[in-house]
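For reference, the structure is listed below as structure tokens.
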Amino acid sequence: MRRAQKTSAKSILKKSLRRNPRKAAAKRKIRRARPVHKRILLHPVSILIVLCAGVFIVGWTIRTVADSYTVTATVEAPAPTDPATITYPVDQSHFTTTPVTVSGICSPNTYVELYRNGNFSGVTNCGAGVTNYQIATDLSPGSNDLYARIFSVTDNEGPPSAHITVFYDLPPPQPPTPSPTPGSLQVTSQDGNVYQSGSIATLSPYPTISGVAPPNSKVTVTFHSNPVTCITYADANGFWSCTLDQPLADGMHTVGISAVTPSGTTLYFADYRMRVLSSLKPLHPINSSTQPFLIKSDYQYQVYAYGQNASLNLSLSGGSSPYAVSVYWGDGSQSTVLRKDQSAFTVTHVYKPLGSQLVNFTIKIQAVDNNGVKAFLQMTAVVQGNQFGALSGQCVSSASGASSYSTQAATTLCGNAAPSLLSRLKQWVWIVWPTYAVVVLMIFSFWLGERQELLTLLNRKRSGRRYRT
């Protein structure tokens, strides 16, 4: 029945054109006069294809606009219950070189901030299964009060560590460099004067004792009869120096020196006597009123995706302008920024894909002022190795740090390999089905229009027959 009706409709259309030969000829003439490309472009099927393509483009654009939004969330992690302890250096230690590496014990899935004289002085992450930390810190001349603060990855703070005091002693001029590496404990100078065995030297109330020992040995200098100790560490060349931070009374004192090597061996230097005279000036100023040169920053835990800008907000304090700031990003890259003042500024870096796991990059920052004085700060950046993390919405924080995840959650969401093809296709289903439905509706409407046109011609033919009858 349908085939017959369709055949009759076509025959009616042909007969209609035969009865209007002038009209048919005019249409054929117009079509023939058109260029080939217009004949193709103006064909109804071509127009339908263009409309369908437009629907798919609109659907793709909607998906792109949706990707420009960032969804942030915070999964609260419990605050640490144990403080981050400082195991190195020991309290009352003296140093003649900076920076100094502070190490200690921390809880897993936390981060540790180090504070020096009340100022932020570095940060590091203690990831899953990590129970030790190391932070390289600068020291100011004289005493430095150090303590550590521990936080969960959602910035909930645990108990602080105990405070320790370490001292930065300016090294004596032209310190001797032993060659070959020393294997024994020796004294080389006192208050900058060459040590002479058997003679009694006259020193200031804050004496500076220097010498050599096996590299990285812990050296303890004890002044009797009222025992006062000065603790320091030999450097990689074996050189050590210690300036007493509290005054000795005038008169005779006995000096005893011992050293503990990295292997645990204890060495001793023979006791000797010295005389203290309060009228003598110390080799170096004990209490310096000069404002220390500092690099200032703050830290909040966040996970960056590869290709996302990792940013550091920095400022300077003290020193003499202009300044040169060098940032070593931990992946072999370096950035240098020149500053004319101490105002805040931002340095950014994009990490390249390195794998599918979370990676902690240790960032080291060094600033040099116009007088050559240096300042140092250690920061850290956590980067997610899964380069599809931004697409799947896994463990990617916004640039403002509004989104944070615990390390456990980050490992679960981001530590896996790239999503499978099926899981990626599922993300497009919500846009594929509506687009497909619109295209089907357009094709169905096109068919209905053609059908309606044929029925209209058929009705006209029937009406003409009734009219003639």
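The values are calculated or read from the model by the stated rules, or taken from the named source; none is laboratory data. In this text the structure is predicted, and so the values were computed from the model without any measurement. Cβ: placed from backbone, ideal geometry, glycine included. Neighbour counts: every protein chain shown.
Candidates Pro171, Pro205, Pro214, Pro176: the one that is modelled with pLDDT of 90 or more, more than 17 Å from Tyr268 (Cα to Cα) and part of a loop (DSSP other than H, G, I, E, B) is Pro205. Of the numbered conditions (1) farther than 21 Å from Met379 by Cβ; (2) within 23 Å of the chain's Cα centre (by Cα), Phe167 satisfies every one except a single condition; which is it? The single condition Phe167 does not satisfy is (2). When segment 351-373 is examined, which residues are found to be in contact with a Phe, Trp or Tyr (Cβ under 8 Å, 6 or more places away or on another chain), closer than 17 Å to Val327 by Cβ and surrounded by 14 or more Cβ atoms within 10 Å (Cβ to Cβ)? Within segment 351-373, Tyr351, Phe361, Ile363, Lys364, Ile365, Gln366, Ala367, Val368, Asp369 meet the criteria. Only one of the numbered conditions (1) of a type in the set (S, T, N, Q); (2) under 27 Å from Gly238 (Cβ atoms); (3) in contact with a strand residue (DSSP E or B) (Cβ under 6 Å, 6 or more places away or on another chain) is violated by Thr98, and that is (3).
Regarding segment 180-190, can at least one residue be identified that is outside any loop (DSSP other than H, G, I, E, B), more than 30 Å from Ser317 (Cα to Cα), modelled with pLDDT of 90 or more and small (Gly, Ala, Ser)? Lay out the reasoning, then the answer.
If we filter segment 180-190 for residues that are outside any loop (DSSP other than H, G, I, E, B), which is where we start, we get 186-190.
Filter once more, keeping what is more than 30 Å from Ser317 (Cα to Cα): 186-190.
In the following step, the residues that additionally are modelled with pLDDT of 90 or more were identified as 186-190.
With the extra rule that they be small (Gly, Ala, Ser), the set shrinks to 189.
Yes.
From Tyr306, Tyr299, Tyr233, Tyr272, grab the single residue that is touching a Phe, Trp or Tyr at 6+ places or on another chain (Cβ under 9 Å), aromatic (Phe, Trp, Tyr) and closer than 20 Å to Thr96 by Cα. First the steps, then the outcome.
Details: Tyr306 fails: closer than 20 Å to Thr96 by Cα; Tyr299 fails: closer than 20 Å to Thr96 by Cα; Tyr272 fails: closer than 20 Å to Thr96 by Cα.
Residue meeting the stated conditions: Tyr233.
Beta carbons closer than 8 Å, at least 6 apart along the sequence or on distinct chains, pair a first residue in segment 299-313 that is within 16 Å of Asp155 (Cα to Cα) with a second that is part of a strand (DSSP E or B) and acidic (Asp, Glu) for Tyr299/Glu113.
One residue stands out among those in segment 90-134 that are farther than 19 Å from Val303 by Cβ and either without any contact (Cβ under 8 Å) to a residue 24 or more places away in the chain or charged (D, E, K, R) (or both): the one that is surrounded by the most Cβ atoms within 10 Å (Cβ to Cβ), which is Arg116.
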